[in-house]
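Report on the structure given below.
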Amino acid sequence: MKLHRFFQKKTSGNIAKDRLKILLISDRVNCSPEMMNMIKNDIAGVISRYMKIDEESMEVQITKKNSKGARKSPFLYVNIPILDLSGAPHK
């Protein structure tokens, strides 16, 4: 993993490229925006039972990477900001 890229500030052009890549990959794996939203809501619901999270800042994306056998496979990545680890939030 190229760690230096993680700490670099992204330009608006790079952000747009990343979003386009995500959109194209999602389209290729037949995952509509509605399906991505349902996945996001389901994951947020499960994680919320155990800790307080920031659902508004949560990110879900599908990418394709080489897996064993040199075939590209879709991967689901989820970035969930955790607000409190002390247990389930009181609703």
For a quick check of your reading: which helices (runs of 4 or more DSSP H) sit entirely within the chain and have at least 1 residues that are surrounded by 12 or more Cβ atoms within 10 Å (Cβ to Cβ) and modelled with pLDDT under 70? 12-28
Could you please tell me which pairs satisfy a Cβ distance under 6 Å, a separation of 6+ or placement on different chains, a first residue in the stretch 77-89 that is of a type in the set (D, E, K, R), and a second residue that is at pLDDT 90 or above? D84/K52
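The values are calculated or read from the model by the stated rules, or taken from the named source; none is laboratory data. Keep in mind that this is a model prediction, so the values were computed, not measured. Cβ: placed from backbone, ideal geometry, glycine included. Neighbour counts: every protein chain shown.
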